[in-house]
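Read-outs throughout are calculated quantities, based only on the coordinates presented, and are distinct from any laboratory measurement. All of these numbers come straight from a predicted model, not from anything done at the bench. Glycine also receives a Cβ, built like all others from the backbone with ideal geometry; neighbour counts cover every protein chain displayed.
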Amino acid sequence: MTQLSKDHLISLAKEFGTPLYVYHAEKIKEQYQKLTTAFSNSNTVFFYACKALTNVNILRYVCQLGANVDCSSINEVRLALHAGFPPTRILYTSNGIAFSEIEEAQSLGVIINIDSLSNLEKFGQRFGHSYPVGVRLRPNIMAGGNLKISTGHDKSKFGIPVDQIGEVLAVVKKYNLLVADLHIHTGSEIKDVDVFVKGIEILFDIIPQFADLQFIDLGGGFKVPYKDGDTETDINLLAQKVGAAFASHPNPGGRPLQVWFEPGKFLVSECGYFVTQVNVIKETSAATFVSVDSGFNHLIRPMFYDAYHYIENVSNPGGAEKKYSVVGNICETDTFAWDRRIHEVREGDYLVFRNAGAYGFEMSSNFNARYKPAEVLVKDGNAHLIRRRDRFEDLLRNQIELSL
Ligand code: LLP
């Protein structure tokens with residue numbers, strides 16, 4: 001297993017300070033290679049869902065590995081271009097955005113997925129047949145780790161409901177749209193590969209109606225392990241089942257369809273470590289609270305999704321295990337873990353949160369006027385600072401001070 005050692009993480013904490021996000025490049029590579037190896041016999045392309053982590057060095061590294069990139073805002077598109085992705089390898093899967101952003105994406109030459117009839121209509125009026133377009137459909141499938149990260153069900157805002165396919169076809173016909181791909185994304189942390197097969201089966205009924213189709217985009221959402229005994233989505237089984245599903249549905253007119261996936265967590269969750277230091281230990285009748293030098297301003301997943309992040313005391317691995325409630329230093333309840341067994345914790349110890357690469361730094365904020373953490377990339381054994389910690393002037397940046 002590609003992993004950074006406790007001693008390495010401690011030395012990085014000492015060198016760069018805490019709280020600190022550390023990313024391990026080789027782990028990203030390992031995950032990407034799992035995908036490409038499993039799908040090596042099929043016509044499949046992976047677009048890194050960069051909403052998980054957009055540091056430009058990560059984007060550059062992923063680009064060098066050979067993956068394409070999936071963006072969810074025009075600024076992610078700009079970052080991807082800045083990182084060196086050519087427009088043809090950038091997918092912009094828009095959601096509820098102003099049409100002006102789609103016009104901008106078109107002018108940048110990237111691939112565009114549209115997720116509403118309204119924007120599809122505007123796209124038709126503006127570009128007609130002159131620029132290919134993808135259509136994001138909502139398959140009405142419930143999938144994903146929890147409701148907040150489920151996107152394909154029949155109450156979700158994402159995509160055009162499949163039952164409105166008649167309306168989609170009417171817009172396509174009216175403007176002679178060149179629909180190059182159909183897209184579905186049902187959620188995040190999907191362990192059951194049959195969810196993807198179910199999605200494909202729904203699309204098979206629709207595919208024959210789109211004469212220009214070249215790609216089927218099945219979105220992201222592969223599960224990664226968070227704790228001992230957890231397993232990730234079985235990618236080999238997925239490759240086998242997706243291959244079998246397409247083999248049993250010969251493409252209309254013999255057109256070979258390329259399959260796309262948009263993994264975010266699968267590529268970057270496990271590469272990330274969030275290193276914190278213990279400020280205070282507070283014994284109470286309810287719990288022994290361990291306050292670290294962070295909070296939901298830096299890692300919001302435990303509070304927002306009840307997400308489990310394995311927490312390790314890297315500076316006292318031989319200490320007796322005890323139960324602790326790990327909390328932050330934010331002036332609001334910000335519990336990372338209740339009653340968690342951790343090797344004895346002392347003030348000054350380093351606590352490391354695993355699976356911190358995806359949606360960790362990316363969802364951080366300056367709440368309580370605290371600094372955002374620094375980010376470090378470890379590649380070939382060398383540590384590179386890829387974002388300096390905020391400074392006081394960063395808190396004032398963009399503020400316009402009046403002389404009141
Ligand atoms: N494609 C689309 C269209 C998406 O909306 C997403 C994630 C992905 C791909 C990548 O999904 P992944 O492979 O990372 O599961 N912040 C939440 C996850 C929200 C995911 C949003 N969309 C979390 O921290 O659990």
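Observations on the model:
- 3J(HN,Hα) along segment 38-55: 4, 9, 5, 8, 10, 8, 10, 10, 10, 10, 5, 6, 6, 4, 5, 6, 10, 3 Hz, from the Karplus curve 6.51 cos²θ - 1.76 cosθ + 1.60 with θ = phi - 60°, whole Hz, x for Gly and Pro.
- For the chain, radius of gyration divided by Kirkwood radius, i.e. Rg to Rh on alpha-carbons: 1.01
- In the chain, the DSSP-assigned H stretches of four residues or longer account for a calculated mean residue ellipticity at 222 nm of -8000 deg cm²/dmol, using -39500 (n - 2.57) per stretch and the full residue count as denominator.
- With θ taken as phi - 60° and the Karplus curve 6.51 cos²θ - 1.76 cosθ + 1.60 applied, the whole-hertz 3J(HN,Hα) list for segment 285-299 is 5, 7, 6, 9, 8, 10, 9, 9, 7, 7, x, 6, 5, 10, 9 Hz, x standing for glycine and proline.
- For segment 272-396, the antiparallel share of DSSP beta bridges with both residues in that region comes to about 90%.
- Over segment 272-396: Kirkwood hydrodynamic radius from C-alpha pairwise inverse distances, Å: 15.1
- Unit charges at the beta carbon, dipole of the chain: most positive-side option, L169, L218, G109: G109
- Of all beta bridges that DSSP places with both ends in the chain, some 45 percent have antiparallel geometry.
- Taking 28 Å as the limit for the C-alpha separation, the pairs K157/K265; K27/K51; K6/K148; K51/K223; K6/K372 exceed it in the case of K6/K148.
- Our estimate of slack between R126 and T37, defined as 0.36 nm per intervening residue step minus the Cα-Cα distance, is 28.0 nm.
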